[in-house]
1. Can you go through ALA178, ALA265, ALA189 and tell me which one is at pLDDT 70 or above and either surrounded by 14 or more Cβ atoms within 10 Å (Cβ to Cβ) or in contact with a helix residue (DSSP H, G or I) (Cβ under 6 Å, 6 or more places away or on another chain) (or both)?
2. Looking at the stretch 212-228, I want the residues that are closer than 12 Å to GLU337 by Cα and have a partner that is surrounded by 13 or more Cβ atoms within 10 Å (Cβ to Cβ) and among the small types (Gly, Ala, Ser) with Cβ atoms under 8 Å, at least 6 apart or on another chain. Which pairs are those?
3. When you scan the stretch 117-144, how many residues do you find that are under 16 Å from TYR79 (Cβ atoms) and of a type outside the set (Val, Ile, Thr)?
4. Tally the residues that are β-branched (Val, Ile, Thr) and either over 42 Å from the mean Cα position of the chain (by Cα) or not assigned by TED's automatic domain parsing to the domain that holds ALA80 (or both), restricting the search to the stretch 118-133.
5. Residues to consider are GLU468, GLU420; find the one that is farther than 30 Å from TYR499 by Cβ and assigned by TED's automatic domain parsing to the domain that holds THR23.
6. Can you confirm whether GLU115 is loosely packed, with under 12 Cβ neighbours inside 10 Å, part of a helix (DSSP H, G or I), within 43 Å of the chain's Cα centre (by Cα) and at pLDDT 85 or above?
Amino acid sequence: MQQNLKEVYRYLRALSRYRYLATIVALLVMTAIGGYSFTLPKLYQADSTVFIEKNVIDRLVQGLAVTSNINDKVAVLQYALSSRDLIMKALEEMDSEIFLKSSAEQQNFIAGLKERTQIRVRGNDLFTVSLMGSDPTFVQKYINTLVGKYVEENISGKREEAYGANRFLAEQIETFKAKLEKAEDNIIAFRKAQGIYFSVDETSNVEEIKKYLSRIESIELSLDTLQAQKLQLQEQLDTLSPTVESYFGLDDTSIGIEGDPQLAAMENHLSNLRLRYTDNYPEIVRLKFEIVSLRKRLEKQAEQVGQDEPIPGPDASKMTSMNPLYLDVQQRMSEVESGISSKKAEIQNLKRLIVKRESELHDVPANRKELNVLIQERDSYQKIYQDLLARMGQSEVSKQMELGNRTATFRIVDPAVLPEIPVSPNMFKMFLLAVAGGLGCAVGLVFLLETLDSRVRNVEVFKELGIEVLAIVPNISDEQALRRNRKRDLIFFGVTCIYGFCFMGMFAYGIYLR
């Protein structure tokens with residue numbers, strides 16, 4: 001710490017020794033920087049602030065319409081505003097004289113404008129466009145024209161984009177509608193040609209074949225039963241007589257009970273039913289009851305004529321008639337034969353269906369492959385067609401929003417005004433730079449001179465080196481010389497102060513003029 005203080009004191013003493021030189025160097029540097037500041041050209045800046053306004057309808061139709069994204073607009077903002085095409089259009093609208101010059105000069109001028117145009121984005125909904133130039137009227141007019149041209153082209157571009165999207169979608173809808181109809185016609189034509197109106201399913205075909213086979217087995221069992229019934233009925237027919245004889249006397253004497261043909265027919269029918277059913281069968285119960293009733297009626301008639309056995313009277317006549325039992329068995333035989341024919345026909349029909357299903361199974365792979373290709377093509381066109389219809393609705397809403405400026409729009413909230421005060425050079429900053437530069441150069445020069453000075457100015461140096469100091473010659477002060485030095489210092493620093501005040505006044509005047 002002590003050593004650092006010694007070094008500070010050393011350089012302060014050096015500054016005192018070289019005060020004239022340091023002051024002159026500081027004034028020269030300050031003068032040079034100040035003079036340079038006044039030679040710099042004056043530059044004026046024009047600014048225009050644009051606000052990206054969000055419409056409430058944009059949020060209401062979210063999902064129903066496709067609107068431009070604000071973030072996308074901000075992302076391309078800087079490139080769009082500094083594009084050569086937009087700069088050329090702005091200059092043409094201003095009737096700039098640059099187009100009277102050579103092509104190289106035009107290119108250099110446009111490149112300079114592109115570099116000097118600054119775009120500052122604040123948040124996602126505000127940006128400022130600014131330009132610095134020596135002509136305040138030009139920078140103001142150029143900024144307003146550039147921003148106005150951008151806003152105008154942005155709106156017209158969005159409208160043209162919406163119209164173009166609408167036209168494109170309409171064309172694509174017509175195209176894919178025609179393709180979809182053609183694909184449908186191809187499927188219908190293929191199905192008609194192959195006799196396939198529905199998609200063939202192998203599993204369902206196999207199940208149908210199994211069902212048909214099972215049905216055939218069931219019918220064959222029923223057919224066997226009918227065949228057995230037919231044999232049985234045939235045996236009954238062989239044992240029955242097709243006709244029966246009856247005797248009727250003129251003295252009202254009838255035949256006996258056991259010879260009654262109705263009773264015999266009913267008993268034969270009962271015997272036949274007992275071959276197939278039990279005694280609890282309703283028809284058997286009914287016949288038994290009717291037979292008992294008929295017997296009682298016949299016995300009552302026999303008692304009235306006073307005989308148990310019918311004896312034909314002398315005047316009795318014989319009559320031959322069809323045997324009812326024979327007719328009944330014959331009718332049931334016909335029914336059984338009809339059932340057998342029906343079962344056989346059903347079996348033949350089922351076998352034809354089985355052959356048809358097996359043929360379809362044989363042709364399924366090739367037919368299905370071709371049909372699936374046609375269906376996939378149709379489904380693909382149908383999906384695209386439906387998507388296009390949905391997007392057409394969104395496009396129509398988007399177009400109406402763009403036409404009515406219902407989406408996010410650019411609004412110029414602060415157009416550029418004519419700048420009257422130059423923004424460059426900044427005289428206050430140049431003044432501070434001149435002062436700092438002069439003082440820095442003066443201190444640096446003193447530090448350099450003191451470092452290069454090898455003279456010993458302090459006895460402590462010998463003590464630190466271990467050299468014994470025998471005597472010190474005192475500094476003899478001359479009062480008259482001291483007064484001359486103080487007078488010289490007063491004059492010098494007085495002139496320096498006057499010069500400094502003039503320097504400060506000159507900068508103050510420059511700042512005031514701004």
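The values are calculated or read from the model by the stated rules, or taken from the named source; none is laboratory data. Predicted model, so just to flag it, every value in this text is computed and none were measured. In this analysis, Cβ positions are derived from the backbone assuming ideal geometry, glycine residues included, and neighbour counts consider all displayed protein chains.
1. Every option except ALA265 fails the conditions.
2. Partner pairs satisfying both residue conditions: LEU226/GLY339.
3. Narrowing the stretch 117-144 to residues under 16 Å from TYR79 (Cβ atoms): 117-121, 127, 129.
Restricting the remaining residues to those that are of a type outside the set (Val, Ile, Thr) gives 118, 120, 127.
Here the count works out to 3.
4. Count: 0.
5. It is GLU468.
6. Values: loosely packed, with under 12 Cβ neighbours inside 10 Å: yes; part of a helix (DSSP H, G or I): yes; within 43 Å of the chain's Cα centre (by Cα): yes; at pLDDT 85 or above: yes.
In short, yes.
Results for (1) over 60 Å from the mean Cα position of the chain (by Cα); (2) surrounded by 10 or more Cβ atoms within 10 Å (Cβ to Cβ); (3) more than 16 Å from THR23 (Cα to Cα); (4) in contact (Cβ under 8 Å) with a residue 40 or more places away in the chain, shown as yes or no for each residue.
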| site | (1), (2), (3), (4) |
| --- | --- |
| GLU464 | yes, no, yes, no |
| PRO474 | yes, no, yes, no |
| ARG483 | yes, yes, yes, no |
| THR496 | yes, yes, no, yes |
| PHE501 | yes, yes, no, no |
